[in-house]
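The values are calculated or read from the model by the stated rules, or taken from the named source; none is laboratory data. Note that the structure is a prediction, hence the values are computed from the model and not measured. Heads up, the Cβs are rebuilt from the backbone with ideal geometry, glycines too, and the neighbour counts pull from every protein chain shown. Only protein heavy atoms, including side chains, enter the accessible area calculation; ligands, DNA and RNA are left aside. Shrake-Rupley method; radii C 1.70, N 1.55, O 1.52, S 1.80 Å.
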Amino acid sequence: MAKEQPARISYFFGKGYVDLWNTIKEAWALNLATVVDQRDRMKKNFSEFGWDKEKIIYGFKGAISLVTMLAIFIFGSIITAFTTAFHVGILVFFFACIYLGFGLLWLVDRIYIFANKIRNACPNSNCQASFLIPVYECPTCKAKHTNLVPSKYGIMNRVCLCGTKLHTTFLNGRGKLKAYCPVCEQSLSGDTASRQYAFPVIGGPSVGKSCYINMTLHQMLNDVAPSAGWDLHFIEEKDEQNYEKEIRSLESGVRLNKTNESVLTAYQMMLAMPNEKIGRRIYIYDIAGEMFSSSSDFQVNKAYGYADGFIFIIDPLTLAQFMMEVEERIDPVAYGASSKDFGDILDIMLINLGKMLELREKDTVKRCLAVVINKVDVPTLEEKIGEDAASRYYTDNPETCKTLGDARNEVCRQFLTEYGAGNFVRTAESKFQNVAYFPCSALGHNQNGEPFQGRHVVEPLLWLLQQIDSSVKAAG
């Protein structure tokens, strides 16, 4: 049953029916009252009837009252029934037009939502609910409207009990109102009439997820957005403050502290593109690598179920064969080698995505996967999958490589296959809609005290955005 709203019910969905019924009752009541009046006159005249000259006149008056009563009863009822039906017909037609308009506007609002891919998700890490229409707050009295859509409370607008007019569709400004999660009542920031793109960053302990995320945002804010003419900014002030603190550490050559969160936490960004009315809210999720140790830990994070793509970070030092080649040239502690096999992480991820999305064993996840080989600054890795390796491959394979990005993808893919991760490659490519491989260095080097600067960190996020948003692809 629909929850009652703190708003005035529209005349056509409430009082209009009462007025129509009262009009019908009044018409028949007047007709009946006239009949009763003529009956009473008839009775009075007949009671005074006599055969003398003075009283015989009452007989004629009584007869006239009888004929009048019958005429009113018969013809008056017919006329009243006709006028009632005519009145009801006009009002029903008018009401039908109102209901049709309400239904069409509701449908248009839903079409607008789906056509523009508008949706919302709760940023509260303990909730993570996904929904279309948030709870909206009246700016005057702060009353909560849980279903602010075209309805019996109003079509284009509804009137709150305090008298404030509220828009009921995204078309006329509903998304500008203060909004809340309908599940946990967490306050939502930003325009809720926007697209939402959620990208969890996945990887084991010490693969560099937090460094990667902050360096990616740094390049997006300072390089990509200005050159593309985008307005990109943080939605939440606390996210911006946290980002600035992390970037100051990295620019000072100080590594970031290890992520300890057991649930997904997100940076929330708003992206506004030139000549685009619909904004994009970009959620980039992070979680401690230890949470991929078991299926139960994974399942509490609902955002994986509505994610638009995944960034999967690999530590190349977890490849035993490669580690053997470089172990005499590096300090594994200094490079922060991960202790978790990324193949196991992928398996846990797929098992739980299958449960969340109700997939059969043979089904694929209709999402894109960006596989990022981090720490390209490890000795010899630049020669294998870095820019020089990609340039050589691009030159040697002009028929299969249309761009330098294609070459980067292929040298990374071949590296994983050659160094014992062929099963990971086959599983990823068979279970996801599209997979691309990227080399990057989230820090640029591993020398503490020297400013860190990420290299090729932004390409995976841009690729995911371009896979799901043609406007981003065109701008890129």
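Overview of values
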{"item": "Quotient of C-alpha Rg and 2.2 N^0.38 Å, computed over region 415-465", "result": "1.48"}
{"item": "Computed FRET value (nearest 0.05) for Lys144 with Glu251, which takes r as the C-beta separation and R₀ as 35 Å", "result": "0.20"}
{"item": "Base-10 log of normalised Debye intensity for region 306-402 (one unit scatterer per alpha-carbon) at q = 0.17, 0.18 Å⁻¹", "result": "-0.93, -0.97"}
{"item": "Alpha carbon convex hull of region 349-476, volume per residue in cubic angstrom", "result": "151"}
{"item": "Hydrodynamic radius of region 115-189 per Kirkwood, over alpha carbon pairs, in Å", "result": "12.8"}
{"item": "Normalised contact order of region 386-476, rounded percent, pairs of Cα under 8 Å and 6 or more residues apart", "result": "17"}
{"item": "Portion, in percent, of the accessible area of the chain that falls on carbon or sulfur, probe 1.4 Å", "result": "56"}
{"item": "Amide proton proximity set for Glu236, modelled H, under 5 Å, gap of 5+", "result": "Gln268"}
{"item": "Built amide H within the under 5 Å cut-off of Val365, gap 5+", "result": "Phe432, Gln433"}
{"item": "Surface accessible to a 1.4 Å probe, Arg426 within the full protein complex, Å²", "result": "150"}
{"item": "Nonlocal amide H pairs with Arg119, under 5 Å, H built at 1.01 Å", "result": "Ser194, Gln196"}
{"item": "Among Asn446, Ala436, Leu381 the positive-end extreme of the charge dipole of region 379-446 (Cβ point charges)", "result": "Ala436"}
{"item": "Lysine pairs with alpha-carbon atoms under 14 Å apart, region 129-232, spacing 8 or more or separate chains", "result": "5"}
{"item": "GluC sites (Glu not before Pro) within region 364-464: DSSP coil, no more than 15 neighbouring Cβ in 10 Å", "result": "Glu399"}
{"item": "For peptides 79-87, 269-277, 212-220, sequence by mean Cβ density within 10 Å, most packed first", "result": "212-220, 269-277, 79-87"}
{"item": "Spatially proximal lysines relative to Lys366 (Cα-Cα < 23 Å; intrachain offsets below 8 disregarded)", "result": "Lys117, Lys302, Lys355, Lys431, Lys473"}
{"item": "Helix-derived mean residue ellipticity, 222 nm - over the chain, DSSP H n ≥ 4, -39500 (n - 2.57), to 500", "result": "-13500 deg cm²/dmol"}
{"item": "Accessible area, probe 1.4 Å, largest first, for residues Cys368, Cys141", "result": "Cys141, Cys368"}
{"item": "1.4 Å probe accessible area per residue over the chain, in Å²", "result": "50"}
{"item": "Relative contact order, percent, the chain [alpha-carbon distance under 8 Å, six or more residues apart]", "result": "13"}
